[in-house]
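Please treat every number below as a calculation from the coordinates, not as lab data. Since this is a predicted model, take the numbers as computed values, not measurements. So basically every Cβ, Gly included, is an ideal-geometry build from the backbone, and we count neighbours across all protein chains shown.
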């Protein structure tokens, strides 16, 4: 399909472990976003990429969170020393436009930290 | 800071009844407002945006700068409208979208 693809769809890990969540955006979309959605909440901004660079990482909650997009396409969100509070659905979205464009979301990666 | 408020977590209406999902925002400049929808077992997707001034699936939303609102309306609700609705804001010249907490709409037969 041509939509945003996220893997894994579900990840269960133990407290203290390292996890990687992958996002494959729509081909040609230079803008890529990561959001986090906790139960009963709306999507919360984490980081925005324009091409290969993180234009805004102000939403990352702390230095355990890091994201890369080395070739301007696929992005990986990395979480070190996971905590139970990191449990959430992590959403990736891409957009053709840099500003004000429609966001195309993936189905999300549900992370559960035991 | 920009903020989006959706005061209702759940809204239940009967089929054929009018529906209004409320959205208020706080931003002193010129915002761009959107409604995103998530149907059961589907991904979040754009429903409509205020700059397009369009009607999608019978839904409309008007930006009221005086009341800082962007309520979503439909005159006759259908069962297939049952979904989670999120209001979102972005500001001129920026890329960051701020989402509300969402309203679950249930249309009862």
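Here are some notes:
- Cα shape, chain A, gyration tensor, a/c 1.5 rule: prolate
- Kirkwood radius, the protein assembly as shown, all distinct C-alpha pairs, inverse of mean reciprocal distance: 18.1 Å.
- Once the Cα gyration tensor of segment A:73-114 is diagonalised, semi-axes √(5λ) in Å: 26, 11, 8
- Partner chain coverage, peptide A:98-107 - average Cβ within 10 angstrom: 6
- Whole-number D in µm² s⁻¹ for chain B, Kirkwood Cα-pair radius fed into Stokes-Einstein, 37 °C, 0.692 mPa s: 235
- The GNM of chain A, with springs linking C-alpha atoms under 10 angstrom apart, assigns the highest mean-square fluctuation among A:41, A:80, A:50 to A:41.
- Fraction of antiparallel bridges per DSSP, chain A only, in percent to nearest 5: 90
- DSSP beta bridge pairing in chain B, given as percent antiparallel to the nearest 5: 85
- The Cα center of segment A:47-114 and the Cα center of segment B:8-72 differ in position by 25 Å.
- Among beta bridges that DSSP assigns inside the protein assembly as shown, antiparallel share in %, nearest 5: 85
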